[in-house]
Every structure is written in structure tokens, then in C-alpha cells.
Amino acid sequence: MVIPLDQRPRSGPYSGLNARSAKRFLTQAFTEGGLPFAEEDALELVLDATGLDRTTLMLRGTEFLAPEVFDKIKDGMARRLAGEPVDYILGWREFYGRRFVISKDVLSPRADTETLIRETLKALKHVPAPRLLDLGTGSGAIGLTLLAELPEATLVATDLSEPALNIARQNAKALNVQDRVIFAQGAWWNALDPTETFDAIVSNPPYIDAAAMTQLEPEVANYDPALALHGGEDGLRDYRAILTQAAAYLRPRGWLGLEIGFDQGESVSTLVRTAEFSNIQVHRDLGGNDRVISARKST
Ligand code: GLN
């Protein structure tokens with residue numbers, strides 16, 4: 001018989017739990033709750049609550065849990081069983097090997113978006129001290145990762161949402177790149193000084209169309225902000241807005257990198273082609289889906 005967590009004392013031998021057994025306990029509860037990644041979810045929650053890493057969990061995972069750790073695990077378990085994704089419970093998600101703070105105000109950065117990082121880094125290989133623009137930065141995952149990877153780069157990062165910018169500011173400090181970034185609030189180009197130009201513009205705009213918005217997984221629909229997901233009736237609204245002035249804000253041969261939905265390679269390429277760009281390329285993510293469009297300013 002498994003004793004429920006609320007019927008156990010919070011500390012000492014009587015709680016009957018250490019980090020390893022807590023992980024087993026959560027795995028079982030999540031499996032019974034029908035969660036597809038029960039063991040991984042359990043591991044992440046236990047590591048975060050105990051402050052252990054995977055190796056120390058193996059070595060030291062038999063020590064009794066402190067009461068506040070027990071409480072944190074209990075709370076995480078209840079929230080996960082209620083459908084909250086692990087990253088929103090933890091308040092952070094790893095992206096390109098670094099930890100980004102997230103909240104309900106930002107899209108949780110996806111592994112697929114690392115495709116945009118890889119392509120941007122290739123494109124900027126020979127550009128000294130590149131000046132970058134990240135439109136709709138959210139948590140800052142894209143722009144701040146580029147700053148961390150490119151020690152000479154500087155960045156303007158915009159967002160419509162002031163709470164999102166506050167999260168991005170926290171992440172800039174945590175990555176120690178705050179001196180190389182300016183944050184600007186506003187809708188797309190409205191946030192910018194019209195005399196600025198950039199070597200590269202990157203964005204992961206909202207791109208889900210109205211029909212697909214009604215079919216989202218509850219974990220996405222209930223936690224990632226709709227502002228970061230919904231790209232209007234046909235999902236292309238924000239690409240059109242970005243492409244009205246992308247070329248004007250780029251330096252000669254400047255580079256544009258946009259994340260796209262798996263089925264938007266053709267439609268977004270067409271929009272990019274009509275906006276003074278050439279060298280248009282579609283790049284796939286690690287799952288083999290079209291994920292990024294890149295292009296060079298024509299003149
Ligand atoms: N890739 C995200 C998802 O499908 C969508 C991100 C976006 O709209 N920019 O959950």
C-alpha cells in the first residue's frame with residue numbers, strides 16, 4: 001500500500017522518503033495518472049526540489065528529505081497531476097544548454113527553436129561585432145542565447161508584453177549579457193528607433209492559425225500565452241507585419257531568420273520573396289520538419 005504524501009510526516013525517517021524513493025513514488029503516481037513521460041517528469045521535479053543533479057541523486061539520494069523539500073515535491077506532484085507542464089512548475093527551461101526563467105507571460109522555449117540559433121550562428125560567422133534584433137523576444141531565449149554565444153554582439157530585443165520583457169531582463173542578468181542588450185516595448189517595428197540598422201534580424205513570431213488554435217494540446221493551450229502562439233486567421237499575420245520593414249532595418253546583405261510552423265515553408269517563402277530578399281532557404285529541425293526560413297537582403 002502506498003501511503004499518500006499528505007498522510008506522512010514532513011521530515012525524518014517517518015516521511016519514508018528520500019530523493020530516490022520520492023522519484024519512484026512520483027513516477028508511479030504519474031504513470032497511474034496517464035502521463036506519457038512519467039519517469040522523466042518525476043526526475044526533473046525531484047532534482048529541482050532537492051538541488052541534486054543526476055549523479056548526486058545516485059550517490060546521495062538516500063538522505064532523508066528536509067521538510068521544505070518534501071513540501072516542494074508534494075506541490076510539484078499535485079500541479080503536474082493537474083496538467084501543468086514541468087517547466088512551468090519549475091519556473092525555468094533549458095535552451096541551447098542554458099537555463100531560462102519562464103512564467104505564464106512567456107512561451108516556454110522549445111528545442112525546435114535551437115534550429116534558428118544554429119542557422120544564425122552560421123550566418124554570422126564572419127561578421128565582427130554583429131548588431132542583432134530579436135523581435136518578440138519573450139523569455140529572451142533566442143536573442144540572449146546569441147549574445148552568450150557571440151561575445152562581441154549587441155542586441156535590441158522587443159516585445160509587446162512588458163511582463164515578458166521583465167522575464168527577459170532577468171535572463172539577461174543571469175547570463176551576464178545585460179550590458180549588451182537594450183529592451184524595447186512595442187508591437188513589432190513600433191518598438192524601434194527608425195534610424196537603427198542591424199546585421200541580423202531574428203524572430204519566432206506567433207504563427208498558429210485560428211483553426212489549429214482550437215486543436216492545441218491542453219498543456220500548450222492552458223500554459224503558453226496565446227499572445228505568443230496565435231498568428232491570426234491564417235497564421236501569417238505577424239510575418240506580414242515583420243516583412244513590411246525587415247529589409248529597411250537591415251544593413252546591406254543583412255540576414256533574416258524566422259521560425260515557421262512545419263507547414264509554412266512555402267507560404268512564408270512567398271512572403272519573404274516579395275519583400276526585397278534573396279537566398280531564401282528553408283531549414284529543418286531535428287525532427288525533420290521545416291522550422292526556419294532564412295534570407296539575405298537583396299541589395
Ligand atoms: N512551436 C510552438 C508550438 O507549436 C509555436 C510557437 C509559435 O507560434 N511561435 O507550440
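Tally up the carbon and sulfur contribution to the accessible surface of the range 211-255 as a whole percent, 1.4 Å probe, everything protein left in place. With neighbouring chains kept in place, the figure for the range 211-255 is 56 percent.
From Cα pairs below 8 angstrom and at least 6 apart in sequence, can you work out the relative contact order of the range 50-207, rounded to a whole percent?
Values: 224 pairs, mean separation 31.4, N = 158.
The normalised contact order for the range 50-207 reaches 20 percent.
Against the main long axis of the alpha-carbon atoms of the chain, helix 38-50 sits at an angle near 80°. Beyond 30 Å in Cα-Cα separation lie the following of the pairs K104/K173; K125/K173; K72/K122; K23/K122; K104/K297: K72/K122; K23/K122; K104/K297. Across the chain, Cα pairs under 8 Å and at least six residues apart give a relative contact order of 14 percent. Placing unit charges on the Cβ atoms only, positive for Lys and Arg and negative for Asp and Glu, gives the chain a dipole magnitude near 760 debye about its Cα centre.
Spin-label model, S267/M58: points 7 Å from Cα along the beta carbon direction are separated by 4.7 nm. With the convex hull of its Cα atoms as the shape, the range 199-277 has an orientation-averaged projected area of 5.4 nm².
Contour minus end-to-end for R99 and S298, with contour as 0.36 nm per residue of separation and end-to-end as the Cα-Cα distance?
Numbers: separation 199, 0.36 × 199 = 71.64 nm, distance 3.64 nm.
Using 0.36 nm per residue and subtracting the Cα-Cα distance, I get 68.0 nm.
Helix 114-123 and the longest principal axis of the Cα set of the chain meet at an angle near 40°. Normalising the Debye intensity of the chain to I(0), with uniform scatterers on Cα atoms only, and taking log10 at q = 0.11, 0.13, 0.14 Å⁻¹ returns -0.71, -0.91, -1.01.
Of all GluC sites (Glu not before Pro) in the range 158-254, which ones are in loop regions per DSSP and have a Cβ with at most 15 other Cβ atoms within 10 Å?
Details: sites: E196, E219, E233; in loops: E196, E233.
Counting only loop positions with at most 15 other Cβ atoms within 10 Å, the GluC sites (Glu not before Pro) in the range 158-254 are E196, E233.
Between N190 and E233, the FRET efficiency estimated from the beta carbon spacing at R0 = 22 angstrom works out to 0.50.
How many Å² of accessible area per residue for the chain, probe 1.4 Å? Intermediate values should be presented prior to the final figure.
Values: 14500 Å² over 299 residues.
Normalised by residue count, the accessible surface of the chain is 48 Å².
In whole Hz and in residue order, list the ³J(HN,Hα) couplings for the range 227-235 that follow from phi through the Karplus curve 6.51 cos²θ - 1.76 cosθ + 1.60, θ = phi - 60°; x for Gly and Pro. Residue by residue, the range 227-235 yields 4, 8, 10, 8, x, x, 3, 9, x Hz. 7 Å from Cα along Cα→Cβ at both A210 and E84: what's the point-to-point distance in nm? Each label point is offset 7 Å from its Cα along the Cβ direction, giving 3.3 nm.
Counting only alpha carbon atoms, the long axis of helix 162-174 and the longest principal axis of the chain meet at about 80°. The largest-to-smallest principal axis extents of the Cα set in the range 24-139 are 53, 31, 24 Å.
The values are calculated or read from the model by the stated rules, or taken from the named source; none is laboratory data. The structure displayed is predicted, hence computed values, not measured ones. FYI the Cβ positions are ideal-geometry reconstructions off the backbone, even for glycines, and counts take in every protein chain you see. Heavy atoms of the whole protein, side chains included, go into the accessibility calculation; ligands, DNA and RNA do not. Shrake-Rupley method; radii C 1.70, N 1.55, O 1.52, S 1.80 Å.
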